[in-house]
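This report refers to the structure that appears directly beneath it.
The values are calculated or read from the model by the stated rules, or taken from the named source; none is laboratory data. Please read all numbers here as calculations on a predicted model, not as lab measurements. Virtual Cβ from ideal backbone geometry, glycine too; neighbours counted across all protein chains shown. Surface accessibility is based on the protein's heavy atoms, side chains included, excluding ligands, DNA and RNA. Shrake-Rupley method; radii C 1.70, N 1.55, O 1.52, S 1.80 Å.
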Amino acid sequence: MNGTATRTLDKDDGDPSAGTRVTIEEFAIPATLEAPGGTDFRRMVQVRNAIEVASAGTVDLQPTAEQLIQAWNNFEFEPKRMFLARVDGDIVGRGTYEWQPEGPPRIAFLAVEVLPQHRRTGIGAALLRTIESAAAADGRSVFQAWALHGVPGGATTISPPTGFGTVDADRPEVRFLRRHGYSLEQVERVSKLTFPVAEPSLQQRFDTAAGHADGYRIESWVADVPERWVDDLAYLHSRMVTDAPSAALEFDEEDWTPARVAKISEQVEAAGDQLLSVAAIDAGTDRAVGFSNLVVPSDASRPAVQEDTLVVREHRGHRLGTLLKIANLQQLQRISPRTPSVTTFNAEENRPMLDVNEAVGFVPIGSEGAWKKAVPEPKSRP
Ligand SMILES: CC(C)(COP(=O)(O)OP(=O)(O)OC[C@H]1O[C@@H](n2cnc3c(N)ncnc32)[C@H](O)[C@@H]1OP(=O)(O)O)[C@@H](O)C(=O)NCCC(=O)NCCS
């Protein structure tokens, strides 16, 4: 954990709100919600979620403090730092800086969030400067950020180089990111499926797809990965970062061990939620060649969250993606019949996955842009 630093905005930070005391300080993440700092952590989550609802235009996302405290304590596999902006002591925004544990330091994942009533006073810019400096001090020069943009429909839109999806150009975060040198690289669609699904039933859809998947079967489980599939699941997780469409975004290849796979179910369980998983098994080799995970919140009135789904390239074209998604939705309905809906994020250019989701009844509820700024690395002198 790095040391903390406090800074107060001054004129150079572009803060025109004279007389308001704004501080930016690194947040020492508490180990639990009961530990010192736990109350601030809960308040930070409320602020984070209020900002998300305002920019996404949906109340369907909103992670809980119980979920986020687990994610923020996963230093080994998902290291990250957080800086809080306060006005007269109250948390009004935050900046986060995450990185992959693999490889030499090169890429940083950054996010800045400010409560709507405290915007346009320079707090966002100061937070961005703080996290960009922290990342640069670690030797990172590729800055990537994800932002929620709602459903596009404004007069002026911009598109990423992929040619898929648009975002409204006049939204605050779009203006902010462009002004700070970030360019839109990819648009993801946020979609939601509401139960009950329309006819044909999930079982009828499953049976139709199964007709194209001779030589494969679907296994389902809750919580920990059964021992016999752990190595396969570690390999499949490592392929997420290389096989999912990522436009011009940059990621280090990921090193997945059985311990890292186990950490996923451990984290979900510690948050009080349930992890529902399915895998596609190639009967010829008895190996898992695809998987899909869903997280069911402890509050059964909240939407379930679709996490990673992958079928390795060599086994695509057999409707395994459809079978995995449907089998896990059926498992969800069996285990948590009150769950009202499921949310998911997919790249707009990921037609195969969108086809699967649309066929089951997912509808768009928003969009997320992936943005990138590459800072030239200092030239070495001859
Ligand atoms: C993006 C965000 C962090 C900016 O916070 P902020 O405190 O308002 O940022 P600043 O005051 O430093 O800068 C605001 C700048 O954004 C742009 N901007 C923001 N809202 C705008 C608006 N309604 N009209 C025109 N420009 C706007 C302008 O460039 C503005 O600078 P200006 O006030 O000098 O004209 C804030 O809007 C937010 O939290 N959005 C939701 C989270 C998000 O999408 N973050 C994206 C980055 S990961």
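Numbers for the structure displayed
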quantity	calculated
Distance from region 77-129 to region 248-326 (C-alpha centre basis), Å	28 Å
Within-11-Å neighbourhood charge of residue 226 [Cβ basis; K, R +1; D, E -1]	-3
Spatially near lysine pairs across the chain, Cα under 22 Å, sequence gap of 8 or more or different chains	4
Solvent-accessible area, 1.4 Å probe, carbon plus sulfur percent, for region 196-339	48 percent
q = 0.07, 0.13 Å⁻¹: log10 I(q)/I(0) that the Debye formula gives for the chain, counting C-alpha atoms only	-0.33, -1.17
1.4 Å probe accessible area per residue over the chain, in Å²	46 Å²
Label-point separation in nm, residue 301 to residue 223, each point 7 Å along Cα→Cβ	2.7 nm
Mean separation of Cα contacts under 8 Å, 6 or more apart, over the residue count of the chain: relative contact order %	19 percent
Label-point separation in nm, residue 28 to residue 257, each point 7 Å along Cα→Cβ	2.9 nm
Net lengthening on full extension, residue 133/residue 335 (0.36 nm per residue, minus Cα-Cα)	68.1 nm
Cβ crowding within 10 Å averaged over residues, with 132-145, 269-282, 219-232 ranked highest first	269-282, 132-145, 219-232
Within region 196-339: Cβ-based charge dipole about Cα centre, in debye rounded to nearest 20 (Lys, Arg +1; Asp, Glu -1)	600 debye
Heavy-atom accessible surface of region 37-144: percent carbon and sulfur, 1.4 Å	50 percent
Gain in span if fully extended, residue 266 to residue 21, counting 0.36 nm per residue against the direct Cα distance	84.1 nm
Centre separation in Å (Cα based) which lies between region 165-181 and region 198-237	39 Å
